[in-house]
Amino acid sequence: MANTTFSGPVRSESTFKAVSKNTSTGAITEVTTYGGAPVALADANASLTNATHSGRTLVVPALTANRTLTLPSPVAGASFKLVYGGAAEETENLIIDTGSDTNFYLGGVLHITGTPASVYADGNSNSILTLTDFGLMEINIAAKDTVNWYIWGYQQGADAPAFTDQ
């Protein structure tokens, strides 16, 4: 298909979707959805998907136990924005897992407390981010390629976030 250029606004009554097409099979895979309402996540462990979660703001609720969000395999163009929708600092942890040390994080998170400090992934195997007893937060994750994830954002709370291996 050829490229299309628009000289005015492009409008949709719903959302826009970025897709990839397998050159061998012709299969279409949704990579990112642009627009639409924020997605309220359940107070449960979850496997995020590109079709449902990528490109949208994901609202983490107040948690009743430690919860793990597992990212899908990285696909260039996929991105996730996590924000906290609770009303007080958590006593539980939110764990954001890439699923494998071969799909590691590049970047870091700002810990906002008395003295703000940056917490960085090691850039070669850290595939888990744990937000311990977090409060306000915004975590952004974007696929660098089909292997790694860029990560940046902030977390407020008494305990610093931590990057670890599987």
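Here, each number is a calculation from the coordinates, and none is a lab measurement. This one's a predicted model, so the numbers in the text were calculated from it and none came from an experiment. As a convention, Cβ positions derive from the backbone with ideal geometry for all residues, glycine included, and neighbour counts pool all protein chains shown.
Its relative contact order, with pairs defined as Cα atoms under 8 Å and 6+ residues apart, puts the chain at 19 percent. With N counted as the residues of segment 120-166, its alpha-carbon radius of gyration over 2.2 N^0.38 Å works out to 1.18. All other residues whose Cβ lies under 10 angstrom from that of residue 128 are scored, Lys and Arg at +1 and Asp and Glu at -1, for a net of -3. With the convex hull constructed from alpha-carbon coordinates only, segment 28-104 shows a mean projected area of 5.7 nm² over all directions.
The alpha-carbon of residue 17 sits under 13 angstrom from the alpha-carbons of these aspartates and glutamates, leaving out residues fewer than 8 places away in its chain: 30.
Counting every pair of alpha carbons in the chain, the share spaced more than 22 Å apart comes to 45 percent.
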